[in-house]
Amino acid sequence: MAMASVTLLTHTFSTSNTSKYSSIQSTPSEFHSISTIPTKNSGEFLHYQKLVVHRREFLSGIILVRTLWKEPPISEAREVEVGSYLPPSPSDPSFVVFKATPKDTPALRAGNVQPYEFVLPPTWKQTRVANILSGNYCQPKCAEPWVEVKFEDDKQGKIQVVASPLIRLTNKPNAAIEDIGSPEKLIASLGPFVTGNSYDPDELVETSVQKRGNQTYYTYVLETPFALTGSHNLAKATAKGNSVILFVASANDKQWPASQKTLKAMLDSFQV
């Protein structure tokens with residue numbers, strides 16, 4: 001740990017009662033008692049007040065300062081409603097369109113993820129992705145999946161885009177999602193990144209395969225009573241370039257009855 005430096009101002013007395021100030025530099029572990037010390041002028045003496053500072057007391061001061069200077073929790077670091085800066089969807093003006101660009105995530109800037117897009121309600125807000133989850137620390141060669149972007153609404157649920165290095169799932173470069181395996185095989189590998197903790201094959205309710213141009217998508221409906229993301233999860237995955245991109249829409253039991261139609265519309269709109 002870097003040692004902080006503290007300056008001690010000390011009063012100087014002379015035989016002529018003239019006062020001066022002298023200073024010494026000391027680190028917390030070096031504070032000690034100093035008795036009267038003569039200066040170059042034999043008529044002057046530096047009198048240092050006895051000072052004993054324990055490392056524990058110094059560190060307590062640091063802890064106090066850090067406690068007073070608290071950063072807001074990530075959950076409080078919300079952006080404004082997306083409807084204030086995203087354009088309306090041409091096909092349905094009740095939604096807005098998010099199109100990811102290199103300025104949005106480290107992986108897009110590194111070229112590890114191809115741009116993607118989806119629609120969402122204008123009242124939703126984007127939330128901060130913690131640095132350790134964003135892949136920022138490992139680009140351009142991440143070994144594990146990372147979170148690209150996250151959005152949420154307290155009444156409707158939340159969505160996130162997760163990217164996984166293709167090499168983690170197959171040795172074939174630039175593989176299509178069909179080259180990786182069946183929908184069931186893929187979700188077995190990526191399921192924990194849908195639920196936030198674990199994946200049980202019994203939680204998989206429905207799978208389907210969709211074609212959009214030359215791109216194939218696997219879609220999933222999961223009932224996940226023990227998931228950290230929520231008891232209801234919808235997911236959609238595809239492979240392009242160096243990564244598999246996974247879109248996840250989640251809701252709890254309270255949100256699901258009113259929001260499932262909206263979440264499914266968001267899921268259907270996702271494309272790479």
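Just so it is clear, none of the values below were taken in a lab; they were calculated from the coordinates. Owing to the predicted nature of the structure, the values given are computational and were not obtained by experimental measurement. No Cβ is skipped: glycine too gets one built from the backbone with ideal geometry, and neighbour counts run over all protein chains shown.
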**Request:** Just subtract the alpha-carbon distance of residue 208 and residue 103 from 0.36 nm times their residue separation and send over the number in nm, one decimal.
**Result:** 34.6 nm
**Asked** When the label point is put 7 Å from the Cα of residue 226 along its Cα-to-beta-carbon vector, which residues of the range 189-204 have a backbone N closer than 16 Å?
**Response** 191-204
**P(r) histogram, all alpha-carbon pairs of the range 74-269 included - 5 Å bins from 0, percent** = 1, 8, 16, 20, 22, 18, 10, 3, 0
**Fill in**
Note on the range 75-114: alpha-carbon gyration tensor, axes a ≥ b ≥ c; rule is a/c under 1.5 for rounded, else prolate if a/b larger than b/c, else oblate; result oblate
**Prompt:** Which length gain, in nm to one decimal place, applies between residue 216 and residue 176 when the Cα-Cα distance is subtracted from 0.36 nm times their residue separation?
**Reply:** 13.6 nm
**Request:** Starting from the Cα-Cα distance between residue 81 and residue 198, subtract it from 0.36 nm times their residue separation and give me the gain in nm to one decimal.
**Result:** 39.0 nm
